1. Assess whether residue 199 counts as being on the phi < 0 side of the Ramachandran plot and touching a residue at least 40 places away in the same chain (Cβ under 8 Å).
2. Return the residues of segment 56-97 that are open to solvent by 30 Å² or more (accessible area, probe 1.4 Å) and more than 15 Å from the chain's Cα centre (by Cα); say none if nothing qualifies.
3. Tell me whether segment 33-46 contains one or more residues that are closer than 23 Å to residue 97 by Cα and in contact with a Phe, Trp or Tyr (Cβ under 8 Å, 6 or more places away or on another chain).
4. Only one of (1) open to solvent by 30 Å² or more (accessible area, probe 1.4 Å); (2) more than 19 Å from residue 68 (Cα to Cα); (3) not basic (Lys, Arg) is not met by residue 202, so which one is it?
5. Which one is nearest to residue 117 (Cα to Cα), of the residues in segment 9-29 that are open to solvent by less than 40 Å² (accessible area, probe 1.4 Å) and not polar (S, T, N, Q)?
6. List pairs: first residue in segment 40-65 and closer than 17 Å to residue 85 by Cβ, second residue hydrophobic (A, V, I, L, M, F, W, C) and open to solvent by 10 Å² or more (accessible area, probe 1.4 Å) anywhere in the structure, Cβ distance under 6 angstrom, at least six positions apart or on different chains.
7. Residues that are of a type in the set (S, T, N, Q), at least 2 per element: which helices (runs of 4 or more DSSP H) completely within segment 1-105 meet that?
Amino acid sequence: MNHNHFEKLLETIQQAKKLPISSERKMELEVLVVYIIDKIKLGKTPKLNFICTHNSRRSQFSQVWAKTAASTLGIEIQTFSGGIEETAFNERAVATLKRQGFLIEIKSESPNPHYFISFSELEPSIKAFSKIYNKAPNPKEDFATVMVCGHADENCPIIPGAEKRIPLRYEDPKKFDGTSLETLKYEERSLQIASEMLFVFSKVKGQIDDN
């Protein structure tokens, strides 16, 4: 299926597909696979809200890559992201996605800019900015919350309206800010998330097609 992804983004997707995923990690990802399949079997569009502390790096990567992976495989989902604090979509994370092939436009100059992220000529852009996990446009009910950082997972024990809570922690690239490893570590984290979201939706696609 060709969704006219941009050439650099296609290269990034192919690179991500080659990354190894441990059997232990696949077991963690399987929880997300099952949730998505169950919603599709009920005739509903799965809604995923990815949450980290500041909604600035890992949750943004996850929202963007989940939507991109699902679209690549022809699976309809809605993706969101949020934090337990509102800050801004970190400029290093934005720059990483640009280098990996996404087209990104900034729509507001403010301490918390709004970005429109394009991954296909045929799909609407993703609107990305930092927000508290329960603030618009995030869903109020019938969604899974995916906790992508330990701090948020431990300090936000209840997400109102979530029908499923899935821990899926990623190491924070923030610890490398201002170091010689900064660019490398941001790209590694984005690629890891891309790889795992592609794995999840490939599994979903395979099981849907078999039924």
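The values are calculated or read from the model by the stated rules, or taken from the named source; none is laboratory data. Nothing here was measured: the structure is a model prediction, and the numbers come from that model. Positions of Cβ are generated from backbone atoms using ideal geometry, with glycine treated the same way; all protein chains shown enter the neighbour counts. SASA here: full protein model, heavy atoms, side chains in, ligands and nucleic acids out. Shrake-Rupley method; radii C 1.70, N 1.55, O 1.52, S 1.80 Å.
1. Working: on the phi < 0 side of the Ramachandran plot: yes; touching a residue at least 40 places away in the same chain (Cβ under 8 Å): yes.
Against the criterion (on the phi < 0 side of the Ramachandran plot and touching a residue at least 40 places away in the same chain (Cβ under 8 Å)), residue 199 qualifies.
2. Correct list: 73, 74, 84, 85, 86, 87, 91, 92, 95.
3. For segment 33-46, residues closer than 23 Å to residue 97 by Cα and in contact with a Phe, Trp or Tyr (Cβ under 8 Å, 6 or more places away or on another chain): absent.
4. Condition (2) is where residue 202 drops out.
5. First, the residues of segment 9-29 that are open to solvent by less than 40 Å² (accessible area, probe 1.4 Å): 9, 12-13, 16, 21, 25, 29.
Those left that are additionally not polar (S, T, N, Q): 9, 13, 16, 21, 25, 29.
Details: 9: 12, 13: 16, 16: 19, 21: 27, 25: 28, 29: 25 Å.
Checked segment 9-29; the qualifying residue nearest to residue 117 (Cα to Cα) is 9.
6. Note: pairs meeting the criteria are 49/80; 53/84.
7. On the way: elements: 7-17, 23-41, 58-72, 91-99.
Once the helices (runs of 4 or more DSSP H) in segment 1-105 are filtered for at least 2 residues that are of a type in the set (S, T, N, Q), what remains is 7-17, 58-72.
Conditions tested, residue by residue: (1) free of Cβ contacts under 8 Å to residues at least 24 places away in the same chain; (2) over 25 Å from residue 46 (Cβ atoms); (3) open to solvent by 50 Å² or more (accessible area, probe 1.4 Å).
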{"position": "126", "(1), (2), (3)": "no, no, no"}
{"position": "133", "(1), (2), (3)": "no, no, no"}
{"position": "140", "(1), (2), (3)": "yes, no, yes"}
{"position": "150", "(1), (2), (3)": "yes, no, no"}
{"position": "160", "(1), (2), (3)": "no, no, yes"}
{"position": "172", "(1), (2), (3)": "no, yes, no"}
{"position": "182", "(1), (2), (3)": "no, yes, no"}
{"position": "208", "(1), (2), (3)": "no, no, yes"}
